[in-house]
Amino acid sequence: MQDKPEIELKLISDPMYLCGARELVGCIARRIGFNDMDCSKIALAVDEALANIIRHGYNKSFDRPIWIGINPIKPSADSIGGIVITIDDEAKQVDPCTMKGRELEDIKPGGLGVHIIREVMDEVRYEKRKKVGMRMIMIKRAARPEESARLSGGACNSNACCVTNVPKKTLGSRSRA
């Protein structure tokens with residue numbers, strides 16, 4: 001993975017911009033080669049991460065900076081490719097080991113963002129930035145072509161932008177390549 005993202009988006013922590021960030025990430029994932037379901041899941045993970053930054057990191061302050069970096073993972077002899085999404089903020093620093101959602105047995109609205117992100121993405125890391133803020137690194141590896149065709153029901157439309165709502169029952173049913 002390279003240090004500088006191939007695509008970088010800076011936005012302020014206003015929830016009004018979450019839709020645009022979801023659409024951008026979903027469309028880029030589609031162009032990289034993810035199927036519609038994976039595009040939707042990746043966009044959902046980014047949306048949850050941004051909402052958590054706004055709600056918990058910035059205490060609902062709508063004028064603070066957030067940076068989203070996107071790097072494709074190029075297919076190689078030992079990798080099937082994928083996407084790396086890095087989200088940086090200037091929120092208060094916390095111990096990365098404490099980043100967890102509420103207990104799943106505690107049934108109530110909210111608090112599932114961290115669980116959703118970890119379920120959707122193949123790898124999730126939290127890091128403290130050098131002086132201020134946190135960094136979240138999310139990695140999703142692409143499905144092998146034969147698995148992708150099976151999951152999407154056939155050929156895909158690579159011109160489609162694929163941001164949709166993912167039914168909750170599908171979150172636990174992803175296969176790992």
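Each reported figure results from applying straightforward, stated rules to the coordinates on display, with no laboratory input. Predicted, not measured: the structure shown is a model, and the values here were computed from it. When we count neighbours, we look across all protein chains shown, and the Cβ atoms used for this are built from the backbone with ideal geometry, even at glycine.
Note on S79 and K10: the model spin-label points, each 7 Å out from Cα along the C-beta direction, lie 2.7 nm apart.
Remark: relative contact order (segment 7-150) = 25 percent; criterion is Cα-Cα distance under 8 angstrom and separation of 6 or more residues. Of the residues D122, D89, the one with the fewest other Cβ atoms within 10 Å heads the list, and the complete ranking is D122, D89.
Along its first, second and third principal axes, ordered by size, segment 7-150 spans 44, 37, 28 Å in Cα coordinates. Fully extending the segment from A51 to W67 would add 4.4 nm, taking 0.36 nm per residue of separation and subtracting the current Cα-Cα distance. For segment 36-102, the direction-averaged projected area of the alpha-carbon convex hull comes to 6.3 nm². Neighbour counts of C-beta atoms inside 10 Å place L44, L18 in the sequence L18, L44, starting with the fewest.
Between Q93 and E123, the modelled label-to-label distance comes to 2.3 nm, taking each label 7 Å out from Cα in the direction of the beta carbon. Among D14, D95, the ranking by other beta carbons within 10 Å of each residue's beta carbon, starting with the fewest, stands as D95, D14.
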